[in-house]
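**Student:** Below you will find the structure I want to go over with you.
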Amino acid sequence: MTTVEEMRGTIQSIADISNYIRGGRGRFTMESQVTGKRLTYQVHSPKKQYVLKDRPLWITFLNGQNEYQFLGTIWVNSLSNLMTFALGKNSKLTLESPCVKGITWLIGRINIKRELPKEMLFWHEGICCRCGRPLTVPESILRGMGPFCSTM
Ligand SMILES: [Zn+2]
(Lines give C-alpha, C1' and ligand atoms only; values in the text may rest on other atoms or scores of the structure.)
Protein backbone atom coordinates (compact mmCIF):
# COMPACT_ATOMS: atom_id res chain seq x y z
CA MET A 1 0.00 0.00 0.00
CA THR A 2 1.50 3.29 -1.06
CA THR A 3 0.59 6.59 0.47
CA VAL A 4 0.15 10.04 -0.99
CA GLU A 5 3.32 11.06 0.78
CA GLU A 6 5.33 8.70 -1.42
CA MET A 7 3.87 10.23 -4.57
CA ARG A 8 5.62 13.52 -4.20
CA GLY A 9 8.14 14.51 -6.81
CA THR A 10 10.57 17.26 -7.65
CA ILE A 11 9.92 19.77 -10.39
CA GLN A 12 13.10 21.26 -11.77
CA SER A 13 12.47 23.87 -14.40
CA ILE A 14 11.31 27.27 -13.24
CA ALA A 15 8.71 27.32 -16.05
CA ASP A 16 7.17 24.08 -14.75
CA ILE A 17 7.26 25.42 -11.20
CA SER A 18 5.37 28.50 -12.39
CA ASN A 19 2.81 26.24 -14.08
CA TYR A 20 2.42 24.17 -10.94
CA ILE A 21 1.69 27.22 -8.79
CA ARG A 22 -0.62 28.81 -11.36
CA GLY A 23 -2.60 25.55 -11.45
CA GLY A 24 -4.24 27.00 -8.34
CA ARG A 25 -4.64 23.95 -6.08
CA GLY A 26 -1.16 22.56 -5.61
CA ARG A 27 0.87 21.93 -2.49
CA PHE A 28 4.62 22.27 -2.57
CA THR A 29 7.75 22.28 -0.44
CA MET A 30 10.98 24.14 -0.94
CA GLU A 31 13.88 22.28 0.60
CA SER A 32 17.41 23.57 0.99
CA GLN A 33 19.94 20.80 0.74
CA VAL A 34 22.46 23.06 2.45
CA THR A 35 20.53 23.92 5.61
CA GLY A 36 17.99 21.07 5.46
CA LYS A 37 15.24 23.65 6.05
CA ARG A 38 11.86 23.05 4.48
CA LEU A 39 8.93 25.36 3.77
CA THR A 40 5.58 23.91 2.70
CA TYR A 41 2.86 25.94 1.00
CA GLN A 42 -0.67 25.24 -0.19
CA VAL A 43 -2.24 27.14 -3.09
CA HIS A 44 -5.97 27.90 -3.05
CA SER A 45 -8.14 29.37 -5.78
CA PRO A 46 -11.15 31.50 -4.87
CA LYS A 47 -14.38 29.88 -6.10
CA LYS A 48 -15.58 33.20 -7.41
CA GLN A 49 -14.49 33.96 -10.96
CA TYR A 50 -12.69 37.26 -11.13
CA VAL A 51 -12.80 39.41 -14.22
CA LEU A 52 -9.66 41.24 -13.26
CA LYS A 53 -6.37 41.69 -14.98
CA ASP A 54 -4.73 39.99 -12.01
CA ARG A 55 -5.93 36.61 -10.74
CA PRO A 56 -5.61 35.95 -7.00
CA LEU A 57 -4.15 32.76 -5.54
CA TRP A 58 -4.42 32.41 -1.78
CA ILE A 59 -1.39 30.92 -0.09
CA THR A 60 -1.27 29.10 3.22
CA PHE A 61 1.85 27.62 4.78
CA LEU A 62 2.60 24.82 7.20
CA ASN A 63 3.52 26.44 10.51
CA GLY A 64 5.50 25.09 13.46
CA GLN A 65 2.33 23.55 14.94
CA ASN A 66 1.83 21.48 11.77
CA GLU A 67 -1.21 23.52 10.76
CA TYR A 68 -1.84 25.47 7.60
CA GLN A 69 -1.95 29.17 8.31
CA PHE A 70 -2.93 31.98 5.95
CA LEU A 71 0.07 33.74 4.49
CA GLY A 72 -1.12 36.06 1.75
CA THR A 73 -2.11 36.36 -1.88
CA ILE A 74 -0.17 35.85 -5.06
CA TRP A 75 -1.61 38.03 -7.82
CA VAL A 76 -0.95 36.58 -11.25
CA ASN A 77 -1.14 38.92 -14.23
CA SER A 78 -3.33 37.25 -16.82
CA LEU A 79 -1.29 38.53 -19.75
CA SER A 80 2.30 38.28 -18.58
CA ASN A 81 1.89 35.65 -15.81
CA LEU A 82 4.03 37.94 -13.64
CA MET A 83 3.41 37.31 -9.95
CA THR A 84 3.15 39.77 -7.07
CA PHE A 85 2.90 38.71 -3.44
CA ALA A 86 0.81 40.59 -0.88
CA LEU A 87 1.07 39.64 2.78
CA GLY A 88 -2.28 39.06 4.47
CA LYS A 89 -3.65 42.27 6.05
CA ASN A 90 -4.10 40.83 9.53
CA SER A 91 -0.96 38.76 9.39
CA LYS A 92 1.45 38.91 12.30
CA LEU A 93 4.17 37.77 9.93
CA THR A 94 6.63 40.24 8.48
CA LEU A 95 8.67 40.39 5.30
CA GLU A 96 11.49 38.92 7.37
CA SER A 97 9.57 35.76 8.35
CA PRO A 98 11.17 32.72 6.69
CA CYS A 99 7.92 31.62 5.01
CA VAL A 100 7.44 35.11 3.54
CA LYS A 101 11.06 35.35 2.44
CA GLY A 102 10.76 31.89 0.85
CA ILE A 103 7.72 32.67 -1.26
CA THR A 104 8.91 36.13 -2.35
CA TRP A 105 12.29 34.65 -3.30
CA LEU A 106 10.60 31.94 -5.37
CA ILE A 107 8.28 34.40 -7.10
CA GLY A 108 11.24 36.64 -7.89
CA ARG A 109 12.96 33.74 -9.65
CA ILE A 110 9.76 32.83 -11.52
CA ASN A 111 9.27 36.41 -12.73
CA ILE A 112 12.74 36.64 -14.23
CA LYS A 113 12.66 32.97 -15.36
CA ARG A 114 15.78 32.18 -13.40
CA GLU A 115 16.31 28.50 -12.59
CA LEU A 116 16.62 27.45 -8.96
CA PRO A 117 20.13 26.86 -7.59
CA LYS A 118 21.09 23.18 -7.45
CA GLU A 119 20.89 23.07 -3.67
CA MET A 120 17.24 24.16 -3.63
CA LEU A 121 14.65 21.47 -4.32
CA PHE A 122 11.05 22.16 -5.29
CA TRP A 123 8.77 19.28 -4.32
CA HIS A 124 5.13 18.95 -5.24
CA GLU A 125 3.37 17.05 -2.49
CA GLY A 126 1.71 14.43 -4.66
CA ILE A 127 -1.46 16.30 -5.57
CA CYS A 128 -2.60 17.66 -8.92
CA CYS A 129 -1.94 21.40 -9.19
CA ARG A 130 -5.32 22.00 -10.83
CA CYS A 131 -7.84 19.84 -8.99
CA GLY A 132 -5.94 18.88 -5.84
CA ARG A 133 -6.55 15.13 -6.29
CA PRO A 134 -3.76 12.68 -5.40
CA LEU A 135 -1.44 11.78 -8.25
CA THR A 136 -0.98 8.09 -8.92
CA VAL A 137 0.54 7.55 -12.37
CA PRO A 138 4.32 8.04 -12.77
CA GLU A 139 3.87 10.44 -15.69
CA SER A 140 1.50 12.59 -13.62
CA ILE A 141 3.90 12.60 -10.71
CA LEU A 142 6.65 13.90 -13.01
CA ARG A 143 4.68 16.98 -13.96
CA GLY A 144 2.49 17.42 -10.91
CA MET A 145 -0.73 17.22 -12.88
CA GLY A 146 -3.23 14.41 -13.36
CA PRO A 147 -4.10 12.94 -16.79
CA PHE A 148 -7.50 14.65 -17.03
CA CYS A 149 -6.27 18.11 -16.04
CA SER A 150 -3.34 17.77 -18.46
CA THR A 151 -5.72 17.65 -21.40
CA MET A 152 -7.57 20.82 -20.40
ZN1 LIG B 1 -6.22 17.33 -11.68
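**Student:** Show the residue pairs meeting these rules: Cβ distance below 7 Å; 6+ apart or different chains; first residue within the range 132-152 and closer than 21 Å to Leu57 by Cα; second residue in a helix (DSSP H, G or I) and not aromatic (Phe, Trp, Tyr).
**Tutor:** Qualifying pairs under 7 Å: Pro134/Val4; Pro134/Met7; Arg143/Asp16; Gly146/Ser140.
**Student:** Here is a follow-up. Which numbered condition in (1) under 17 Å from Asp16 (Cβ atoms); (2) away from the ligand (no atom under 16 Å from the Cβ); (3) in contact with a Ser or Thr (Cβ under 8 Å, 6 or more places away or on another chain) is the only one that Leu116 fails?
**Tutor:** With (1) under 17 Å from Asp16 (Cβ atoms); (2) away from the ligand (no atom under 16 Å from the Cβ); (3) in contact with a Ser or Thr (Cβ under 8 Å, 6 or more places away or on another chain) applied to Leu116, the lone miss is (3).
**Student:** Hey, among the residues in the range 128-152 that are within 14 Å of Asp16 (Cβ to Cβ) and charged (D, E, K, R), which one's nearest to the ligand (Cβ to nearest atom)?
**Tutor:** Arg130
**Student:** Out of curiosity, is Gly144 out of contact with any Asp or Glu (no Cβ under 7 Å at 6 or more places or on another chain), among the small types (Gly, Ala, Ser) and either closer than 17 Å to Arg8 by Cα or exposed (fewer than 14 other Cβ atoms within 10 Å of the Cβ) (or both)?
**Tutor:** In short, yes.
**Student:** Can you pull out the residues in the range 29-64 that are outside any strand (DSSP E or B), within 20 Å of Leu87 (Cα to Cα) and not hydroxyl-bearing (Ser, Thr, Tyr)?
**Tutor:** Pro46, Leu52, Lys53, Asn63, Gly64
**Student:** Another question, then. Check the range 98-115 and report whether any residue there is part of a strand (DSSP E or B) and either among the hydrophobic types (A, V, I, L, M, F, W, C) or at pLDDT 95 or above (or both).
**Tutor:** No - not one qualifying residue is present in the range 98-115.
**Student:** Count, please, the residues in the range 78-97 that happen to be assigned to a loop (DSSP other than H, G, I, E, B) and touching a Gly at 6+ places or on another chain (Cβ under 7 Å). So that I can check it myself, show each step before the final result.
**Tutor:** Start the filter on the range 78-97 by keeping residues that are assigned to a loop (DSSP other than H, G, I, E, B), which leaves 78-82, 88-97.
Still in the list and also touching a Gly at 6+ places or on another chain (Cβ under 7 Å): 88, 91.
Of the residues in that region, 2 qualify.
**Student:** Against the definition (over 19 Å from Glu31 (Cα atoms), of a type in the set (Phe, Trp, Tyr), away from the ligand (no atom under 16 Å from the Cβ) and in contact (Cβ under 8 Å) with a residue 12 or more places away in the chain), how does Phe122 come out, yes or no?
**Tutor:** Working: over 19 Å from Glu31 (Cα atoms): no; of a type in the set (Phe, Trp, Tyr): yes; away from the ligand (no atom under 16 Å from the Cβ): yes; in contact (Cβ under 8 Å) with a residue 12 or more places away in the chain: yes.
No.
The values are calculated or read from the model by the stated rules, or taken from the named source; none is laboratory data. Because the structure is predicted, anything quoted here is derived from the model rather than measured. Methodologically, a virtual Cβ is constructed for each residue, glycine included, from the backbone with ideal geometry; neighbour enumeration extends over all protein chains shown.
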